[in-house]
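Here is the structure we will look at.
The values are calculated or read from the model by the stated rules, or taken from the named source; none is laboratory data. Keep in mind that this is a model prediction, so the values were computed, not measured. Counting neighbours? That spans all protein chains shown, and the Cβs are built from the backbone with ideal geometry, glycine included. Side chains are part of the model used for accessible areas, which takes the heavy atoms of the whole protein and leaves out ligands, DNA and RNA. Shrake-Rupley method; radii C 1.70, N 1.55, O 1.52, S 1.80 Å.
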Amino acid sequence: SSYQKVLEENRNLYNQIQDLKGTIRVYCRVRPFLQGQSNGECTVDYIGENGDMMIVNPLKQGKDSRRVFSFNKVFGTTITQEQIYGDTQPLVRSVLDGYNVCIFAYGQTGSGKTYTMSGPDLTNEETWGVNYRALRDLFDISKERTNAIKYEVYVQMIEIYNEQVRDLFTLDIRNNSQLNGLNVPDAFIVPVTCTQDVLDLMRIGQKNRAVGATALNVRSSRSHSVLTVHVRGVEVVSNSILRGCLHLVDLAGSERVDKSEAVGERLKEAQYINRSLSALGDVISALAQKSPHIPYRNSKLTQVLQDSLGYKNGNNGRMGTTLEMPLNHRKEELFHLIACPNMETLVPP
Ligand code: ADP
């Protein structure tokens, strides 16, 4: 009965999340306590017939402060990287059918976003996160289908910091006037044919991310990073073209920065992050309520992801401009890249 009571109290939240189930799926992963961490301030019970709810029990404040949360699924501390990816796999597959998909990691700094999206050790495939598993699948499936559809895969990597979009492959901030207010296709786009290509590029991206940062760990948790995978397929029989894209987003830490403590740069960063995360929340709420107006233009993040967030996302495998523009726009660079045997040379000295 106390569970019923908690449920009742959380009815609003529960209903909101039920509404989101469908086009938008929300999963929760609970990180284990790290070495040297004490057993924290709360315990978690996993409930619900489908493993889709949890109760958070704060240890200090007594039973009444328990709260129930509902998700599409809750993953406990013993879940592996492979199991986490399992539920996402069909979505990734749909990119090859011409749909646009967006996967976010949301949470406060230290909650395991980067661990889940990238993984702790790139040299060990077992530990790979969603990003690499998704790309590996894209390559595997496109190979399986090669008699029916010939696929090309391209990646882009950008960072949004204080509402400035930065291309992580070229370190190009000069282009910002173009990037600002426009879509991801303005950033450098690189053709890839295997996961090793992607690993190499991600390394460049990570390195470039560090270049502009005073302290990497601080910076990476204060900016959103977006890895976008564009897929273009040509059907062998009909010659018709399909396009899909996958955005893999490691969001900036969602923690509230204490107003009294944050000053100068920190305060500015915090304000930008709060604003863009709430702009993302507004877009998702508007989509859930099927509102006629979706406020995409309120932040760079939602503008960049616009083509992957709406219900009409994807192009039914036929239309869409996702890849057309960069191909025309950046042809010379593309050729340069294809001819460039060592991608490291992309990084300016
Ligand atoms: P965030 O990106 O949200 O700031 P990180 O991914 O950097 O957080 O994770 C913080 C720390 O916790 C890292 O040391 C990471 O290796 C560890 N960690 C995160 N998730 C897990 C997990 N599921 N299992 C084991 N360690 C984890």
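At a glance:
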item	result
Number of the exception - Val263 against (1) crowded, with 16+ Cβ neighbours inside 10 Å; (2) modelled with pLDDT of 50 or more	(1)
Where Lys150 falls short, out of the listed (1) open to solvent by less than 20 Å² (accessible area, probe 1.4 Å); (2) farther than 30 Å from Gln271 by Cα; (3) modelled with pLDDT of 90 or more; (4) in contact with a strand residue (DSSP E or B) (Cβ under 6 Å, 6 or more places away or on another chain)	(1)
Criterion: under 15 Å from the mean Cα position of the chain (by Cα), closer than 21 Å to Gln196 by Cβ and modelled with pLDDT under 95 - qualifying residue of Asn100, Asn131	Asn131
Matching residues, segment 90-114, being in a strand (DSSP E or B) and free of Cβ contacts under 8 Å to residues at least 60 places away in the same chain	none
Tally, over segment 115-170, of residues that are of a type in the set (Phe, Trp, Tyr), within 16 Å of the ligand (Cβ to nearest atom), within 22 Å of Gly244 (Cβ to Cβ) and not in a helix (DSSP H, G or I)	1
Residue match in segment 234-243 (condition: surrounded by fewer than 22 Cβ atoms within 10 Å (Cβ to Cβ), modelled with pLDDT under 85 and in contact with a Ser or Thr (Cβ under 9 Å, 6 or more places away or on another chain))	no
Selection from segment 47-89 of residues that are in a helix (DSSP H, G or I) and at pLDDT below 85	Lys63, Asp64, Ser65
Pick from segment 104-114, criterion more than 6 Å from the ligand (Cβ to nearest atom) and open to solvent by 20 Å² or more (accessible area, probe 1.4 Å), ranking: nearest to the chain's Cα centre (by Cα)	Phe104
